Amino acid sequence: TLAKNRINRAPERLGKAKVEVDIFELLRDSEYETAETMCQILPKGVVAVLGPSSSPASSSIISNICGEKEVPHFKVAPEEFVKFQFQRFTTLNLHPSNTDISVAVAGILNFFNCTTACLICAKAECLLNLEKLLRQFLISKDTLSVRMLDDTRDPTPLLKEIRDDKTATIIIHANASMSHTILLKAAELGMVSAYYTYIFTNLEFSLQRMDSLVDDRVNILGFSIFNQSHAFFQEFAQSLNQSWQENCDHVPFTGPALSSALLFDAVYAVVTAVQELNRSQEIGVKPLSCGSAQIWQHGTSLMNYLRMVELEGLTGHIEFNSKGQRSNYALKILQFTRNGFRQIGQWHVAEGLSMDSRLYASNISDTLFNTTLVVTTILENPYLMLKGNHQEMEGNDRYEGFCVDMLKELAEILRFNYKIRLVGDGVYGVPLTITAEREKVIDFSKPFMTLGISILYRVHMGRKPGYFSFLDPFSPGVWLFMLLAYLAVSCVLFLVARLTPYEWYSPHPCAQGRCNLLVNQYSLGNSLWFPVGGFMQQGSTIAPRALSTRCVSGVWWAFTLIIISSYTANLAAFLTVQRMDVPIESVDDLADQTAIEYGTIHGGSSMTFFQNSRYQTYQRMWNYMYSKQPSVFVKSTEEGIARVLNSNYAFLLESTMNEYYR
């Protein structure tokens, strides 16, 4: 109606045909009523059909009827599910497509280098609507978890799961009302801090009221297609506000609805195309009937002109591609601030994403600007320590350590102040390991150090080289088996030489009368001496004659070659490097013995780990530590280290602390 009145009042329209607009109200998703209404509209003669602003089923019925009668149809409602069938030539869609919104969201995630995100869907069609976004995650192999609202429409369980998963980027695909509910529940759960980023896919993001819901530091982003610089935008908003106050005075007016602006632009697009078509041919409306096969003869020509329309409307640049989809337009990217919404960038169909890095960077650095934080901690080397001359200093200057240096760097970057205060009981502070139990009641930041549990134990040095250190390369068992192998080979060699006829020979073959005198060189003494010569790699005057004795000799020589090579390689190391006697090589070694006591800090994360573990080895260790008397638990790291040095005790502690103290 506003568009009709503004067009008819225009000076250039004096003396020309007036624009008439008939408004029909439909029940949501009532296909029968939609068809009946269309059959009542067609006999009046129409140039175009606009809407509806909701109800995809009704929109589909209208699109089919207009296609049969060749009457242009403008869609202004968002696509709630993907249309696989071919779109009618007579249908034009002013609302940005779901594909474009998916690409815009993917561009924002890429700009922020986000590799993990969560998508909250209000309806099952969400997965089809944002198919392009899902494919982008599949290609990049980033992580996108999808959570669907159940029939209760309560987002609290989903938000708790997201909070427990430590997902910081949340994409919400829902209408304005449900989006507001999700944000309200998130505020109740403490999920609207600077740690979280929310991206709303609803194009009516600027109409949501969030003043009383969120922290100023939370990063809430959304899209808008409104062209507030349009000459008629303020008058348009005021007219809708006045109408709202007259009919809905109990609810505050948040701004013009997107569907109203799209209908306004649709009227202007139709009038512009009709004016251009009138220059080439005289057109007029024609009564049509659902019961006949008659079509509007000017419908095809008007559709061709509508596809060539280019104008600036309340929703930005209006232009269509050959498929009837909106093209060559831009989505404004808005960010919520304490002063309302501000534009930090835009996504253009052809040019892609362009962000104002200066605005966004300043917002991040301002979150803690000129804020004083109280840092509570305990004294723990090397994280926080008192300086040698701390009595002469005051405030933060008394402390030094890893965490103090890190605080200084963060304070310079984010421009905040801080005060270090020691915890009164001295129990919990800097070395507070992140565990599942603690995460239930405490919000942790991203961990600045990753570690595990290690064993601190005093090792005993081996003895110094002595007169018999040349025996160290092999264990006593190896030496014994070598001796047995030597004796076995000697015996086998003696027996084989005795049995084979080739080892018997005459020492004087030319002497007459002594031809029957035969001797064998492998006597018992020579059988014992021959392996010794081979083992020492010196050889002997005894050489095997028979094939059997040669095979036995060859096996023994190969054995001695391997043994001598291994011995030579290890002898120098065993004589020059002291060996450490380490009875504990792993946690299983520690659990399988009772000679060495072991324990950890009482009430610490390591103690909780063993107490709650279901792994059999860790359960046995916990049962030992819990029942051992006197207690094997210590009150501090220093006490545990002192106990390791002064007794037969193994201390279980974080690996980083182990590396620092050892």
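Data table
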| item | result |
| --- | --- |
| Gain upon complete extension [residue 150, residue 194; 0.36 nm per residue less C-alpha separation] | 13.0 nm |
| Candidate lysines for bridging to residue 69, where Cα separation is under 19 Å - those fewer than 8 sequence places away on the same chain excluded | 44, 286, 323 |
| Residue 111 paired with residue 448, simple spin-label distance in nm, labels 7 Å along Cα-to-beta-carbon | 3.0 nm |
| Calculated FRET efficiency for the pair residue 418/residue 141, C-beta based, R₀ 41 Å, to 0.05 | 0.60 |
| Distance histogram in 5 Å bins (all Cα pairs of region 372-430, percent per bin) | 4, 18, 28, 28, 16, 5, 0 |
| Neighbourhood net charge (15 Å Cβ-Cβ; Lys/Arg +1, Asp/Glu -1) for residue 400 | -3 |
| Sites residue 517 and residue 495 - FRET efficiency at Förster radius 22 Å, r taken between beta-carbons, to 0.05 | 0.45 |
| Calculated FRET efficiency for the pair residue 608/residue 408, C-beta based, R₀ 35 Å, to 0.05 | 0.65 |
| Charge context of residue 455, other residues only, Cβ under 14 angstrom, K/R +1, D/E -1 | -4 |
| Spin-label pair residue 538/residue 241, simplified geometry with 7 Å Cα→Cβ offset, distance in nm | 11.4 nm |
| Residues of type lysines that residue 635 reaches as a straight line, Cα spacing below 28 Å, ignoring anything fewer than 8 places off in the same chain | 387, 419, 440, 446 |
| For region 395-457 and region 172-201, distance of Cα centres in Å | 30 Å |
| Residue-span extension gain [residue 470 to residue 386] - 0.36 nm each, minus C-alpha spacing | 25.0 nm |
| Square roots of five times the Cα gyration tensor eigenvalues for region 582-661, Å | 18, 15, 13 |
| On Cα atoms only, tilt of 476-499 relative to the major axis of the chain in degrees | 60 degrees |
| Per-selection metrics, region 294-453 (Cα): Rg and Dmax in Å | 28.7, 100 |
| Under-5 Å amide H pairs with residue 196, H placed in peptide plane, nonlocal only | 219 |
| Length-normalised contact order for region 372-430 - Cα pairs under 8 Å, 6+ apart - percent | 53 percent |
| Net charge contributed by nearby residues that have their C-beta within less than 9 Å of residue 100 (K/R +1, D/E -1) | +2 |
| Degrees, to the nearest 10: 616-627 long Cα axis against longest axis of the chain | 80 degrees |
| For peptides 43-51, 370-378, sequence by mean Cβ density within 10 Å, most packed first | 43-51, 370-378 |
| In degrees, nearest ten, helix 56-69 long axis to first principal axis of the chain (Cα) | 60 degrees |
| For the chain, the fraction of alpha-carbon pairs in successive 10 Å shells from zero, as % | 2, 11, 14, 14, 11, 9, 8, 8, 7, 6, 4, 3, 2, 1, 0, 0 |
| Peptides ranked, highest mean first, by Cβ atoms within 10 Å: ranges 147-160, 303-316 | 303-316, 147-160 |
| Full-extension gain in nm, residue 290 to residue 308, via 0.36 nm per residue minus C-alpha separation | 3.5 nm |
| Simple label model, 7 Å out from Cα along Cβ direction - residue 36 to residue 348, nm | 5.0 nm |
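Each value in this text was obtained by applying a stated rule to the coordinates, not by laboratory testing. Quick caveat: nothing in here was measured; it's all calculated off a predicted structure. A quick note on method: Cβ atoms are made from the backbone with ideal geometry, for glycine too, and the neighbour counts reach across all protein chains shown.
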